[in-house]
């Protein structure tokens, strides 16, 4: 059964794409469920960050479930509904105020590649395999998605992966700047857990302000919100966490941030 599984472990919200028989190919219902899952974790004060991953050890996400294309994308009207669900799913990690990490093991292609690109940080195992197969399917990739890849990879690398539709490995993804880190398969869970722990100990308001400002840099100047950016930064300096951070530094201990 294709489903989106959510669970909370300590300060981390996990979103797991589960469709192992099809290498975690994403159904339309799974696309629709993602924004709700992320919004729920974003609203949970106990959650400091979110991890998106795939079920099992063979795939992160192999792409959209092509078996649904005839029905779900067989007409212009159906295509518009499907595209809206995918765009909303891609925007969910971007609009989330908390850091979102893509934990990538095995196949990461098509829709999986696009979703990983929408996350803030990507950690991949050495067995990860990437591909953007749009040119082999004849579909058009939306401008927002293309822009996201260009901002992440640059024009030359984006042109390469879209024009060639070739597969590339974890080392290539690292050299392009698509992933932040590549680790041995046996170390993936430990590395992800350690990174989550690192972020969970940091000041939530500071991370939220930084994420908002980082995302603003990718927008057209006319679409930016400098007042909100400044307000979020000011809120950090007015917070209890800032006072706790200064005190902990002077006392040479780990700060205990509360997100307020």
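Nothing in this text is a laboratory measurement; each read-out follows from the coordinates by a stated rule. Given the structure is predicted, the values throughout are model-derived calculations rather than measurements. Methodologically, a virtual Cβ is constructed for each residue, glycine included, from the backbone with ideal geometry; neighbour enumeration extends over all protein chains shown.
What residue among 157, 142, 19 shows peak mean-square fluctuation when the chain is described by a Gaussian network model with Cα springs under 10 Å? Result: 142 has the largest fluctuation of those listed. Roughly how tilted is helix 155-164, in degrees to the nearest 10 and between 0 and 90, from the longest Cα axis of the chain? For helix 155-164, the angle is close to 30 degrees.
The C-alpha atoms of the chain define a longest principal axis, and helix 188-200 lies at about 40 degrees to it. Relative to its residue count, the range 1-141 spans a Cα convex hull of 101 Å³ per residue.
Out of all DSSP beta bridges in the range 3-199, what portion is antiparallel? Express it as a percent rounded to 5.
Expressed as a percentage, antiparallel bridges in the range 3-199 total about 30.
Put simply, the C-alpha atoms of the range 185-243 give a gyration tensor, and the ellipsoid matching it has half-axes of 28, 19, 4 Å, longest first. The ellipsoid equivalent to the alpha-carbon distribution of the chain has semi-axes of 32, 21, 18 angstrom, derived from the gyration tensor eigenvalues as √(5λ) and listed largest first. Here residue 139 and residue 200 are evaluated by their C-beta separation; at R0 = 30 Å the FRET efficiency comes out at 0.20.
How much FRET efficiency would the formula 1/(1 + (r/R0)^6) give for residue 249 and residue 79, where r is the Cβ-Cβ distance and R0 is 45 Å, rounded to 0.05?
Computed FRET efficiency for residue 249 and residue 79 comes out at 0.25.
Using Cα springs under 10 Å in a Gaussian network model of the chain, which residue among 137, 188, 174 shows the largest mean-square fluctuation? Of 137, 188, 174, the most mobile in the Gaussian network model is 137.
When each of the peptides 55-68, 198-211, 35-48, 100-113 is scored by the mean number of other C-beta atoms lying within 10 Å of its residues, the order from highest to lowest reads 100-113, 55-68, 198-211, 35-48. Converting the Cα gyration tensor eigenvalues of the range 120-174 into ellipsoid dimensions via √(5λ) gives semi-axes, longest first, of 19, 14, 10 Å.
Per-residue ellipticity at 222 nm, computed for the chain from helices alone with -39500 (n - 2.57) per DSSP H run of at least four residues, works out to -15000 deg cm²/dmol.
The C-alpha atoms of the chain define a longest principal axis, and helix 226-237 lies at about 40 degrees to it. Taking 34, 115, 153 as the candidate residues, the one with maximal mean-square fluctuation in a Gaussian network model of the chain, Cα springs under 10 Å, is 153. Does the range 105-260 come out rounded, prolate or oblate, given a ≥ b ≥ c as the square roots of the eigenvalues of its C-alpha gyration tensor, rounded meaning a/c under 1.5 and, failing that, prolate meaning a/b above b/c? Taking the square roots of the gyration eigenvalues as a ≥ b ≥ c, the range 105-260 is oblate. Gap in Å between the Cα centre of the range 112-140 and the Cα centre of the range 190-210? Here the answer is 24 Å between Cα centres. The simple spin-label model puts a point 7 Å past each Cα toward its Cβ; for residue 147 and residue 238 those points are separated by 3.1 nm. Gain on full extension, evaluated as 0.36 nm per residue between residue 156 and residue 231 minus their Cα-Cα distance, stands at 23.4 nm. Based on the Cβ-Cβ distance from residue 220 to residue 187, what FRET efficiency comes out when R0 is 30 Å, to the nearest 0.05? Efficiency for this residue pair is about 0.15.
Note down the Stokes-Einstein diffusion coefficient of the range 1-47 in µm²/s, whole number, using a Kirkwood radius over alpha carbon pairs, 20 °C, and 1.002 mPa s.
191
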